[in-house]
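Reviewing the structure listed below.
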Amino acid sequence: MKIWMAAIILVVVCLAVYWPSPKSEFVLDDYYTVVRNPLIKNPFLYKNIWTSRLFDAHQSSGYIKFGYYRPVLQSSWILDYRLFGLKAAGYKWLNLLIHALNCFLVYILLWKLFGQEQLALKACLLFCVLPTQEWVVRYVTGRGDELSALFALLALVCLVGTDTIYYSIRNYNKINSVCPYFFAFVFWALSALTREVAISYILYAFLIYFYCLPNSVIPNNNVIPAKGRIDRHSQLLAGIQTQNRINRFCLYWILIGILPLLVIWPIIPKLGNILGLHVLYFASIGFCLWMAQLRLRWVVVLFVLFATVSFYQGRFWTTEVTLLRHTRSLEWWPRTVIAQQLLMKYDDDIPAIKDLSSRAHDPMIKAMWLRRLGVVYFNHSDLFGAQQYFTQALFVDPSNVDALNALAVVYHQKGQEAQSLSYLNRALEINPYYPDTLRTLGIYYYIHKNFLQARMFLSRCLVFDPDNQQARELLGLAKAAH
């Protein structure tokens, strides 16, 4: 009953703090990993998940040429898409469910390790509402961290939950079953296929197996204490030893958690900066256990403080516009990676964009800033300025299909149809699967009454982007006209 009560408390806390807004939208990398990912939408492409990377899973996703091998993470979004389509709130509900399961597994793991239910409950409640968790729970692409942690915690619970195995080793008895080890390995493999940082999680198994289990209190039914005699000095000494052991465990846990960051940051500073946000989720278990040893009133104060901050920050993850407003209020120059990614979509401050473009060293990033400048000028009906910056973006990055498509629209607005079609064909040669190019070509041929070609390109667009409502409606009109 105590376990079920703890589970109910965790569910109530998760719902109270992380309840997703029905107006939630996809933000940041969700555009590439979910919205523009045909592998989770088309059943005929499911098998390609196991041979593709995350961001450039398919050519239709865009022109980004980097990614990570995370097939389990991509496979999890298949269920979301089948249930919710492209409604971001549904994806965040599943993220919340995974986080609640992780909190419950943290409770079980710590209870099994140290035999203190109250300490385990306090630690998992702090872990539940820690402000750094909102990055994972409310961000659809952040599922990689919590899903990887879910499998890793299941692997550790498999090791810890079979106390009889350790007792048999201590007594030099034959181990009758290797099933817990088999399942622990399977869960760890799933964790590694969800996020690469899980490779370091195997060190937690060594920490628990060689440090925690040998120091666990093993029941001895042959020793019967004398009635009415309580050795207070022994109890006090045992309590101090247990507290010291927990403190060392917390220290080792945190050090293992930040080990990937310590190794990568000096080698690749940019990657280390990004990785820092992701190692916090699993490493924070040790931090929460350490804080849970404080007096109850201080634990309550920390819980209320963490829950309030997490609830307050949650409203900024509703849309990209609110997230951009939040990051702008926090950041100082130079701009953070998150802010820059958002500014490429929404910022209209021409001097600031020009400055950021001049500072960019990566050709792809520089081209994206230049294309943003072209979009700003186009929105202000300055076709000459738009054409100038779209052309500069192509000079820096000739494979930028978005700039090619934008130039095609500019030339169409100027009435130069031959030039417009030329740029669209160039974009098609670079990436014959890109939905934006296929949709724009479909629109071009529909305008010019070539309904057969329009149907062909719009149909191909819907193969890779079945949620494109504009392409679907225009295809219906092209079929009716034909």
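Could you tell me which residue of the range 160-188 is farthest from Y281 (Cα to Cα), considering only residues that are part of a helix (DSSP H, G or I), modelled with pLDDT of 55 or more and open to solvent by 30 Å² or more (accessible area, probe 1.4 Å)?
Applying the filter and picking the extreme gives C179.
What do you reckon, is T141 part of a helix (DSSP H, G or I) and open to solvent by 20 Å² or more (accessible area, probe 1.4 Å)?
No: the conditions fail for T141.
Specify the residue that is nearest to R460 (Cα to Cα); the eligible residues are those in the range 396-435 that are hydroxyl-bearing (S, T, Y) and either open to solvent by 40 Å² or more (accessible area, probe 1.4 Å) or touching an Asp or Glu at 6+ places or on another chain (Cβ under 7 Å) (or both).
Across the range 396-435, the extreme among qualifying residues is Y433.
Out of the residues in the range 449-482 that are under 22 Å from N42 (Cβ atoms) and of a type in the set (D, E, K, R), which is least open to solvent (accessible area, probe 1.4 Å)?
Per the stated criteria, the residue is D465.
Look through R53, R36 and report the one residue that is buried (at least 19 other Cβ atoms within 10 Å of the Cβ) and modelled with pLDDT under 85.
R36
Go through (1) in contact with a Phe, Trp or Tyr (Cβ under 6 Å, 6 or more places away or on another chain); (2) at pLDDT 90 or above for A88 and report which single condition fails.
(2)
Please determine whether any residue of the range 76-93 is under 19 Å from I208 (Cα atoms), out of contact with any Ser or Thr (no Cβ under 9 Å at 6 or more places or on another chain) and assigned to a helix (DSSP H, G or I).
no
So, in the range 90-136, exactly how many residues are of a type in the set (V, I, T) and in contact with a Gly (Cβ under 9 Å, 6 or more places away or on another chain)?
Count: 2.
Just for helices (runs of 4 or more DSSP H) wholly inside the range 361-479: which have at least 3 residues that are over 28 Å from F84 (Cβ atoms) and at pLDDT below 85?
363-379
The values are calculated or read from the model by the stated rules, or taken from the named source; none is laboratory data. Fair warning: this is a prediction, and the values are worked out from it, not measured in the lab. With ideal geometry, Cβ positions are generated from the backbone for all residues, glycine too; neighbour counts draw on all protein chains shown. Protein only, heavy atoms only, side chains kept; ligands, DNA and RNA dropped before computing areas. Shrake-Rupley method; radii C 1.70, N 1.55, O 1.52, S 1.80 Å.
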